[in-house]
Amino acid sequence: MNQEEKSRRRMLQGSMLAAGAAVGGWVFPALAQGERLVPFTDVPDTFQYRPVQPNTTHWQDTREISNFITPNDDFYLVQHYGQPEVDNDSWHLKVTGMVDNEMELSLADLMSDETIEQVVGFECGGNSQRLFHGLIGNAHWQGVPLARILEQADIQSGAKEVVFFGADTSTEEIRGREVEKAFARSLSILDAMRPENLLAFAMNGRPLPHYHGKPLRLIVPGWYGVANVKWLTQIHVQNTRYMGRFMGRDYVTLKREEVGGVERWVENSVTTMNLKSSIVRVTENAGEYKVMGFVLNDGTPLQSVEVKVDDGSWQLAELDSQNTRYSWKLFTFNWDNPSPGEHTLVSRVTDVNGNVQATPEELPEKVSYWEDFGQFPRTVSI
Ligand SMILES: Nc1nc2c(c(=O)[nH]1)N[C@H]1C(S)=C(S)[C@@H](COP(=O)(O)O)O[C@H]1N2
Ligand SMILES: [Mo]
């Protein structure tokens, strides 16, 4: 093992301890002593979460979310072209296109420089009530700032976009022709240069797991999961818009909007996360009822989260002290003396700019299922 390898191992071990201490261990008991899950009556008996398996989608059973950090094996999985095998030792990241210094970096090159760490939570742009929002997770990421790599490459004037290519490819039929395409997403230069963007090689203190995009993935805090390209192999700077499937055709929301006073159907690529909250868990302990949920958004600080029981008034929930700007934001609400029987619970979040999570009926008419962020009523039986 050379010096670089050694210092890298030390660093990983160090951050593993730090992250482990912060979250209090890796395996979480689903319930505290004496605590019981109050059953939701809106979850069908047939509902199952899908465990981690090769080349499959995995979603969490959100009723089990009892801790701030999602363990690596619980964190949801989505990959459209399967999970490619990547050899960390021969792997390289290419930086190409409209830059003065094209680069080819090994993992050791990337890890030898100063790293940053951040808790970032995100969900798939296709997450919804159907899966009780299980395509979600919140983890501690470690890596190098994307902006530093782009500065080293030195972007030329006239460049417009940075494209991120994964190692995973598939055959796509486009206009009757079969072509081999890699998973890719792009960011404008302005979005790419945000100081919080991360090229992550560690997740919760462990080397980035295979399924989550080893050895390196992009993390764009505040954006839907689709932006966080896994198995990253190439960063390309260009002066045109990247129009691949996951920018131009898929993960495209179609909704009714006013465009300068004219009503139109408008498409947008799925980018920053909409302001959203949902209740995921209700517990009872010695007659005390606790309602728990999460908030995701683009990182705008929150004003409040409120919970409404049946036709009652909105009541303030308490935000978890561990919440950070780009983490998911957990909240709890102490539900005093619920009466026996069926109840409807719903949450809504408000940010400091006064944006309030609306009901689905209040939101603009939408055709595609992407970006589902209206209020989500849940029903429980006491
Ligand atoms: N290379 C690659 N990166 C990818 C994808 C993919 O199919 N290939 N899927 C994206 C989508 S749609 C989501 S929601 C997130 C999921 O990240 P996770 O599986 O680590 O939770 O990865 C994104 N990054
Ligand atoms: Mo996704």
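Descriptive notes on the structure:
- Checking each residue in segment 164-199 for being touching a helix residue (DSSP H, G or I) at 6+ places or on another chain (Cβ under 9 Å) and in a strand (DSSP E or B) picks out F164, E172, I174, K181, F183, A184, R185, S186, L187, L198, L199.
- Taking the criterion of being of a type in the set (S, T, N, Q), within 12 Å of ligand 1 (Cβ to nearest atom) and in contact with a helix residue (DSSP H, G or I) (Cβ under 9 Å, 6 or more places away or on another chain), the only residue of segment 116-145 that qualifies is N127.
- Residues of segment 90-100 satisfying the condition of being in contact with a helix residue (DSSP H, G or I) (Cβ under 8 Å, 6 or more places away or on another chain) and not aliphatic (A, V, I, L, M): W91, D100
- V307 vs. criteria within 18 Å of A358 (Cα to Cα), modelled with pLDDT of 95 or more and not in a loop (DSSP other than H, G, I, E, B): yes
- Segment 98-130, subset among the hydrophobic types (A, V, I, L, M, F, W, C) and assigned to a loop (DSSP other than H, G, I, E, B), residue nearest to the chain's Cα centre (by Cα): C124
- Residue in segment 152-160 that is of a type in the set (S, T, Y), out of contact with any Gly (no Cβ under 6 Å at 6 or more places or on another chain) and within 16 Å of ligand 2 (Cβ to nearest atom) present: no
- For segment 156-178, the set of residues classified as touching a residue at least 60 places away in the same chain (Cβ under 8 Å) and of a type in the set (D, E, K, R) consists of K160, E161, D168, E172, listed by residue number.
- Some residue of segment 122-141 being free of Cβ contacts under 8 Å to residues at least 60 places away in the same chain and within 30 Å of R50 (Cα to Cα): yes
- Pair list, Cβ < 7 Å and 6+ apart or interchain, from segment 346-370 residues that are surrounded by 10 or more Cβ atoms within 10 Å (Cβ to Cβ) and modelled with pLDDT of 95 or more to residues that are part of a strand (DSSP E or B) and of a type in the set (S, T, Y): S347/S277; S347/S278; R348/S277; V349/S277; T350/S304; V356/T350; Q357/S277; W370/T253
- Meets criteria (of a type in the set (A, V, I, L, M, F, W, C), under 29 Å from D100 (Cα atoms) and within 14 Å of ligand 2 (Cβ to nearest atom)) for F246: yes
- Flag for K230 being within 24 Å of V86 (Cα to Cα), part of a loop (DSSP other than H, G, I, E, B), of a type outside the set (A, V, I, L, M) and within 16 Å of ligand 2 (Cβ to nearest atom): yes
- Test result for S157, within 23 Å of the chain's Cα centre (by Cα), away from ligand 1 (no atom under 11 Å from the Cβ) and of a type in the set (G, A, S): no
- Qualifying residues in segment 164-190 (those that are more than 9 Å from ligand 1 (Cβ to nearest atom) and within 17 Å of the chain's Cα centre (by Cα)) - the one farthest from E151 (Cα to Cα): S186
- Put simply, of S90, S112 the only residue that is away from ligand 1 (no atom under 11 Å from the Cβ), free of Cβ contacts under 8 Å to residues at least 12 places away in the same chain and of a type in the set (S, T, N, Q) is S90.
- Among the residues of segment 311-318, at least one is of a type in the set (F, W, Y) and outside any strand (DSSP E or B).
- Selection from segment 3-36 of residues that are modelled with pLDDT of 50 or more, loosely packed, with under 14 Cβ neighbours inside 10 Å and not in a loop (DSSP other than H, G, I, E, B): R36
- Against the test of being surrounded by 15 or more Cβ atoms within 10 Å (Cβ to Cβ), of a type outside the set (D, E) and not in a loop (DSSP other than H, G, I, E, B), the options R325, R264, R281 yield a single qualifying residue, R281.
- Among the residues listed as G143, G176, the single one being of a type in the set (G, A, S) and farther than 27 Å from G248 by Cβ: G143
The values are calculated or read from the model by the stated rules, or taken from the named source; none is laboratory data. In this text, all values refer to a predicted model and were calculated from it rather than measured experimentally. Reconstructed Cβ throughout: ideal geometry from the backbone, glycine too, with neighbour counts over all protein chains shown.
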